[in-house]
Amino acid sequence: MNSLHLKALLLAVETGSISSAARQLGKKQPQVSQWISDLEIDLGINFFDRTGNKTTLSKDGERILPYLTHAMSQVDKFVQSAEMIAQGELTVMTIGIENYIPDIAFTQPLVLTLDFPHLSIEVYREERHQLTQDLNEGNVDIIITHESDTLHHQRFEYCRLGHYKEVLVSSPDHPLAALSVVSTSDLSQYRELIWGETNKTSNLQHPDRNSDGFSPIYGFFSDIRPLIAMLKHRKGFAFLPEQCVNDYIENHQLIALSCDFEPVGIERRVELCWRNGLVLSQLGSQVIEAFKTTHQLVDKSVF
């Protein structure tokens, strides 16, 4: 079964004429007519009802038309993908995002990336150390992480995107909410609820934290939703991305606390890293540019 014969059949259906299909293909009408007849013989159905010089789509043709249209669209995608591969272009891009980075860092860039019709994307969440390892091993194209202590990455390319604010929050009915300014000694008296993960030895895996937090008693939550539910039930305090709690603060379900060590909130800086050579691909370069310019982080300073 020849794909050109299937294309001729689809053109004959779309134009309503085998002669028109032949003209578009630059072929003679008898040749195209023979192709369609051969298909009918091979498949055992008649695509057209023929009466004199008039040809109309048959009931069987109407039933199989959606499958033909889909099949030909896939053939077109196959050819286009083959051309992209031959030109060294990407067809699949893998993007890793560190856990706990809020949506403002990647939502709009991903919207633009999904506009590329011939590029498939795979997005996953993971811890920073695993994302960096994946990038070094060539298992991911782009990663978005909290800024590391490394002054200069040598095994991949990168830029700093900006930062988001992390705020201290609790229930309006929590004892901390009655304080005009909260100190670290105040925090140590209550349970800290932490959006993060623990390893086998229960060490804190939260970005930029080098200790066990602000309180000797704590709760770890890998999912932010039950954490916020516990906050609303006055079960502790938490440092969370402002974007994640703004609605709860506006609805007076949570309150932002002022603390003496970070009176305006904690800035969490974010960086974009990508594998060497990705910018040599036109699509790769465009995707990187989308992440550099359309995220909603504060202070879009890149280099």
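Among the residues of region 135-154, how many are surrounded by fewer than 16 Cβ atoms within 10 Å (Cβ to Cβ) and touching a residue at least 24 places away in the same chain (Cβ under 8 Å)? Give the steps one after another, and end with the answer.
Residues of region 135-154 that are surrounded by fewer than 16 Cβ atoms within 10 Å (Cβ to Cβ), as a first pass: 136-139, 149-154.
Applying the additional criterion that residues be touching a residue at least 24 places away in the same chain (Cβ under 8 Å) yields 138-139, 153.
Within region 135-154, residues that are surrounded by fewer than 16 Cβ atoms within 10 Å (Cβ to Cβ) and touching a residue at least 24 places away in the same chain (Cβ under 8 Å) number 3.
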Within region 1-12, take every residue that is without any contact (Cβ under 8 Å) to a residue 60 or more places away in the chain and in contact with a helix residue (DSSP H, G or I) (Cβ under 6 Å, 6 or more places away or on another chain) and give me the one that is farthest from Glu62 (Cα to Cα). His5
Enumeration of residues in region 115-165 that are within 14 Å of Gly284 (Cα to Cα) and of a type in the set (A, V, I, L, M): Leu119, Ile121, Val140, Ile142, Ile143
Residue set Ser170, Ser183; condition hydroxyl-bearing (Ser, Thr, Tyr) and over 15 Å from Leu227 (Cα atoms); output residue Ser183
Go through the residues of region 249-270 one by one and say whether even a single one is assigned to a helix (DSSP H, G or I) and in the same structural domain as Gly196 (by TED's automatic domain parsing). yes
Neighbours by Cβ (under 8 Å, 6+ apart or cross-chain): first from region 112-134, hydroxyl-bearing (Ser, Thr, Tyr); second assigned to a loop (DSSP other than H, G, I, E, B): Thr113/Leu119; Ser120/Thr91; Thr132/Ser148
Taking only pairs six or more apart or across chains, which ones have beta-carbon atoms under 6 Å, a first residue in region 25-40 that is under 13 Å from Leu10 (Cα atoms), and a second residue that is β-branched (Val, Ile, Thr) and part of a helix (DSSP H, G or I)? Val32/Ile18; Ser33/Ile18
The condition from (1) at pLDDT below 90; (2) surrounded by fewer than 16 Cβ atoms within 10 Å (Cβ to Cβ) that Gly265 misses is numbered (2)
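Look at Leu283 and say whether it is at pLDDT below 95, farther than 18 Å from Asp103 by Cβ and surrounded by 15 or more Cβ atoms within 10 Å (Cβ to Cβ).
Details: at pLDDT below 95: yes; farther than 18 Å from Asp103 by Cβ: yes; surrounded by 15 or more Cβ atoms within 10 Å (Cβ to Cβ): yes.
Yes, satisfied.
Could you tell me whether any residue of region 209-221 is surrounded by fewer than 13 Cβ atoms within 10 Å (Cβ to Cβ), at negative phi and modelled with pLDDT of 95 or more? Don't jump to the end; show me each part of the working.
Of the residues in region 209-221, the ones surrounded by fewer than 13 Cβ atoms within 10 Å (Cβ to Cβ) are 210-211, 216-217.
Narrowing the set further to residues that are at negative phi leaves 210-211, 216-217.
From what's left, modelled with pLDDT of 95 or more: none.
Checking region 209-221: not a single residue is surrounded by fewer than 13 Cβ atoms within 10 Å (Cβ to Cβ), at negative phi and modelled with pLDDT of 95 or more.
Going by what's in this entry, would Leu112 be described as within 12 Å of Val287 (Cβ to Cβ) and in the same structural domain as Gly96 (by TED's automatic domain parsing)?
Details: within 12 Å of Val287 (Cβ to Cβ): yes; in the same structural domain as Gly96 (by TED's automatic domain parsing): yes.
Yes: the conditions hold for Leu112.
Looking at Gly236, is it at positive phi and either charged (D, E, K, R) or touching a strand residue (DSSP E or B) at 6+ places or on another chain (Cβ under 6 Å) (or both)?
Working: at positive phi: yes; either charged (D, E, K, R) or touching a strand residue (DSSP E or B) at 6+ places or on another chain (Cβ under 6 Å) (or both): yes.
Considered against the rule, which asks whether it is at positive phi and either charged (D, E, K, R) or touching a strand residue (DSSP E or B) at 6+ places or on another chain (Cβ under 6 Å) (or both), Gly236 comes out as yes.
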If we scan region 258-272, do we find a residue that is closer than 19 Å to Gly213 by Cα, among the small types (Gly, Ala, Ser) and in contact with a strand residue (DSSP E or B) (Cβ under 7 Å, 6 or more places away or on another chain)? yes
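The values are calculated or read from the model by the stated rules, or taken from the named source; none is laboratory data. Fair warning: this is a prediction, and the values are worked out from it, not measured in the lab. Here Cβ is always computed from backbone atoms with ideal geometry, including for glycine, and neighbour counts include all displayed protein chains.
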